[in-house]
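The values are calculated or read from the model by the stated rules, or taken from the named source; none is laboratory data. Since this is a predicted model, take the numbers as computed values, not measurements. Quick reminder, even Gly has a Cβ in these numbers, built from the backbone with ideal geometry, and neighbours come from all protein chains shown. With ligands, DNA and RNA removed, areas are computed over all heavy atoms of the protein, side chains included. Shrake-Rupley method; radii C 1.70, N 1.55, O 1.52, S 1.80 Å.
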Amino acid sequence: MTMSRVRQLRVVVTADDFDQAVAFYRDVLGLTEQAAFHGDGDARVVILDAGHATLELANPAQAAMIDGVEVGQRVSPHIRLAFEVDDARAATAGLSAAGAEVIGGPAVTPWNSLNSRLRAPAGVQLTLFEELGD
């Protein structure tokens, strides 16, 4: 049985401090708001456009290697979000000023990108990466 083609990857994060998370990801990181919905009992959701999405699958050895490059030790949870940005240093500074905890980098990787690792609102671990080119 062949499934139909996937049209969108949507990562759903439950945020205890919803307003803080929206402000961080929309207003500071710069993800564009596509839609917002309200429901009964103060139920709220915001859908943010994060650009092109990919699903990166890594085995434990690869995850440990990436952690070593970006942070210097094994810290990755089961799921980590990675955002390509134009300027990793500026984005890291901006997200840090907005409340994210920098836990590694920015550091040049063996695959020639500039990566930093942050612990962000809603308990999400982020990698920011800037492709440095050839």
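Please verify whether segment 101-114 includes one or more residues that are under 17 Å from A21 (Cα atoms) and in contact (Cβ under 8 Å) with a residue 60 or more places away in the chain. No, that holds for no residue.
Of the residues making up segment 5-29, those that are open to solvent by 100 Å² or more (accessible area, probe 1.4 Å) and of a type outside the set (A, V, I, L, M) are R5, R7, Q8, R10, T14, D16.
Condition first: surrounded by 14 or more Cβ atoms within 10 Å (Cβ to Cβ) and either touching a strand residue (DSSP E or B) at 6+ places or on another chain (Cβ under 9 Å) or under 20 Å from T14 (Cβ atoms) (or both). Can you find one or more residues in segment 52-61 that meet it? No, that holds for no residue.
Do we find a residue being farther than 17 Å from A122 by Cβ and touching an Asp or Glu at 6+ places or on another chain (Cβ under 6 Å) anywhere in segment 87-97? There is at least one residue in segment 87-97 that is farther than 17 Å from A122 by Cβ and touching an Asp or Glu at 6+ places or on another chain (Cβ under 6 Å).
Figure legend. Inter-residue proximity from segment 30-42: first residues exposed (fewer than 10 other Cβ atoms within 10 Å of the Cβ), second residues of a type in the set (G, A, S), beta-carbon distance below 9 Å, spacing 6+ or different chains. Indicated pairs: F37/A43.
Could you say which residue among V108, V124, V45, V85 is under 15 Å from R26 (Cα atoms), β-branched (V, I, T) and open to solvent by 60 Å² or more (accessible area, probe 1.4 Å)? Going through V108, V124, V45, V85 in turn, the sole match is V45. Being open to solvent by less than 50 Å² (accessible area, probe 1.4 Å) and among the small types (G, A, S) holds for only one residue in A100, A93, and it is A100.
Return a yes/no flag: does segment 68-78 have any residue that is out of contact with any strand residue (DSSP E or B) (no Cβ under 7 Å at 6 or more places or on another chain), under 20 Å from G123 (Cβ atoms), at pLDDT below 95 and surrounded by 16 or more Cβ atoms within 10 Å (Cβ to Cβ). No - not one qualifying residue is present in segment 68-78.
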